[in-house]
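Notes for the one structure printed next.
The values are calculated or read from the model by the stated rules, or taken from the named source; none is laboratory data. Here the structure is a predicted model, which means the values were calculated and not measured. Cβ placement follows ideal geometry from the backbone for every residue including glycine, while neighbour counts extend to all protein chains displayed. We work out accessible area using only protein heavy atoms, side chains counted, and drop any ligands, DNA or RNA first. Shrake-Rupley method; radii C 1.70, N 1.55, O 1.52, S 1.80 Å.
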Amino acid sequence: MTAKRALVFGMTPNPGGMESVVMNYYRHIDIQKIQFDFLCYDEQPAYSDEIKNLGGKIFIITSRRKNPKRNRDELRSFFKEHSQEYVAVWENANSLSDIAPLVFAKKYGVTNRIIHAHNSKNMGEKITQLLHSINRLRIQRYANHFWACSQLAGEWMYPQSVLSTKNYQIIKNAIDLSKFAYNKDIRLKKRKELKIENCFVIGHVGRFHFQKNHQFLIDIFNEVHKNFDNSILLLIGQGEDEQIIREKVKSLGLLDYVKFLGARADTAELYQAMDIFVLPSHFEGLPLVLLEAQANGLPCYVSDCISKEAKVTSSCQYLSLNLPAEKWADKIMSHENNRNPDAVKEIQNSNYDIQKNAKNLEAFFINGD
């Protein structure tokens with residue numbers, strides 16, 4: 001039997017949350033029945049080698065930012081040539097600023113046209129917000145399936161007329177629990193590798209961007225470090241604001257205690273090395289990293305701007321960004337910070353396990369409407 005194919009749009013070279021969600025599903029579907037291809041702008045996407053090994057094709061075209069006319073021409077040519085190969089186009093997006101792939105997918109007859117919301121606020125420039133507002137009014141002309149990682153993300157991305165239809169649904173940012181469950185041996189190995197065996201380790205995973213609120217995170221860690229001089233902060237990720245954060249760390253005299261680890265392929269192992277996970281984001285769709293940290297049993301302290309749907313274990317606590325850094329630090333330094341032994345069971349009960357969710361997604365792509 002020849003596998004049906006779906007075209008995925010929205011992957012970038014940055015291995016962020018959206019890319020991780022797509023790949024989590026791709027790794028767990030039956031690729032003998034449904035296969036994913038990827039349409040990307042300008043560059044190879046994150047996980048490109050793995051995509052090719054799984055049997056996916058990658059198509060690169062010019063971005064609108066680089067050349068708007070060439071972008072439209074190449075999109076038109078692509079869908080004119082390939083549209084009959086696909087049972088669905090699945091656009092993953094942080095905003096509706098670019099819905100051209102869905103426009104051409106409809107024009108050239110792709111039956112299932114999916115828009116999938118992964119965020120709850122504008123991350124880009126003013127022009128991004130303007131285009132989002134315009135396309136929010138016309139998205140129903142081109143998409144016929146409306147997905148969101150959380151209700152908060154859905155309400156930001158879609159008009160009320162979409163939210164009340166049967167074609168709107170929450171697609172869980174599901175994870176592979178076996179990959180993130182606590183493992184003492186890996187913890188000891190990783191802490192030794194990082195030279196943090198006898199340290200109190202706070203961790204964060206996220207792109208260096210205003211959204212993730214690294215400025216406040218450094219303030220929190222500074223307060224912790226005043227009390228625990230053996231404390232270490234692990235920062236996993238990359239992004240445009242990294243140099244600004246490095247300068248702040250230097251100005252506070254924390255260079256020896258904050259480790260900038262960059263984009264990593266071993267994030268699952270790095271959770272094991274942590275004692276606490278902190279995510280003081282200004283906004284999120286539904287952060288995959290928070291689910292991963294909870295699966296590891298880590299005590300998690302997160303901003304109350306994050307959807308309550310992200311709390312899937314008893315070890316996750318919400319704190320207001322209106323509280324000073326000292327109050328966050330007090331919570332982090334409390335004596336309640338033990339790993340949650342029931343974390344995996346609690347996540348299984350919350351339906352964020354990838355096994356079941358991947359089967360549901362697979363069935364949609366195979367059966368369509």
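How far is helix 214-227 tilted, in degrees, relative to the longest principal axis of the Cα atoms in the chain, given as a value from 0 to 90 rounded to the nearest 10?
The angle comes out at about 20 degrees.
Once Lys and Arg get +1 and Asp and Glu get -1 on their Cβ, which of Pro159, Ala148, Ala343 lies farthest toward the positive end of the dipole of the chain?
Of the candidates, Pro159 comes out farthest on the positive side.
Which Cα, out of Ala293, Ile276, Gly109, lies furthest along the positive dipole direction of the chain (beta carbon charges, K/R +1, D/E -1)?
Gly109
Given charges of +1 on the Cβ of Lys and Arg and -1 on the Cβ of Asp and Glu, with all other atoms neutral, how large is the dipole of the chain about its Cα centre, in debye to the nearest 20?
I would put it at about 1020 debye.
Pull out a ≥ b ≥ c, the square roots of the eigenvalues of the alpha-carbon gyration tensor of the stretch 99-152, then state rounded if a/c is under 1.5, prolate if not and a/b is larger than b/c, and oblate in the remaining case.
Taking the square roots of the gyration eigenvalues as a ≥ b ≥ c, the stretch 99-152 is oblate.
Using only Cα atoms, tell me the angle between helix 242-251 and the longest principal axis of the chain; keep it within 0 to 90° and round to the nearest 10.
10
Please give the charge dipole size of the stretch 61-116, origin at the Cα centre, charges +1 on K and R Cβ atoms and -1 on D and E Cβ atoms. Round to the nearest 20 debye.
About 300 debye.
Give the accessible surface of the stretch 72-140 per residue, rounded to a whole number of Å², with probe radius 1.4 Å and ligands, DNA and RNA excluded.
Here the residues of the stretch 72-140 average 44 Å² of exposed surface.
Net charge within 12 Å of Asp353 by Cβ-Cβ distance, Lys/Arg positive one each and Asp/Glu negative one each, not counting Asp353 itself?
Residues close to Asp353 contribute a combined charge of +3.
Expressed in whole Å with the largest first, what are the equivalent ellipsoid semi-axes of the stretch 278-369 derived from the C-alpha gyration tensor as the square root of 5 times each eigenvalue?
Computed over the stretch 278-369, the values are 30, 16, 7 Å.
Out of the total accessible area of the stretch 165-318 (probe 1.4 Å, heavy atoms of protein only), what percent is carbon and sulfur?
49
Please pull out the direction-averaged projected area of the chain, using the convex hull of its alpha-carbon atoms, in nm² to one decimal place.
18.4
Helix 68-82: angle to the longest alpha-carbon principal axis of the chain, degrees 0 to 90, nearest 10?
70
Output the pairs from Lys57/Lys106; Lys166/Lys356; Lys192/Lys345; Lys195/Lys259 with a Cα-Cα distance over 18 Å in this structure; if there are none, say none.
Lys57/Lys106; Lys166/Lys356; Lys192/Lys345
With point charges of +1 on the Cβ of Lys and Arg and -1 on the Cβ of Asp and Glu, referenced to the Cα centre of the chain, which listed residue (Ile332, Asn198, Phe9) lies farthest in the positive direction of the dipole?
Projecting each Cα onto the dipole axis, the largest value belongs to Phe9.
For Cα pairs less than 8 Å apart in space and 6+ apart in sequence, what is the mean separation divided by the residue count of the chain, i.e. the relative contact order in percent?
16
Taking the Cα centre of the stretch 1-136 as origin, sum charge times position over the Cβ atoms of Lys and Arg (+1) and Asp and Glu (-1), and report the length of that vector in debye to the nearest 20.
The dipole magnitude comes to about 520 debye.
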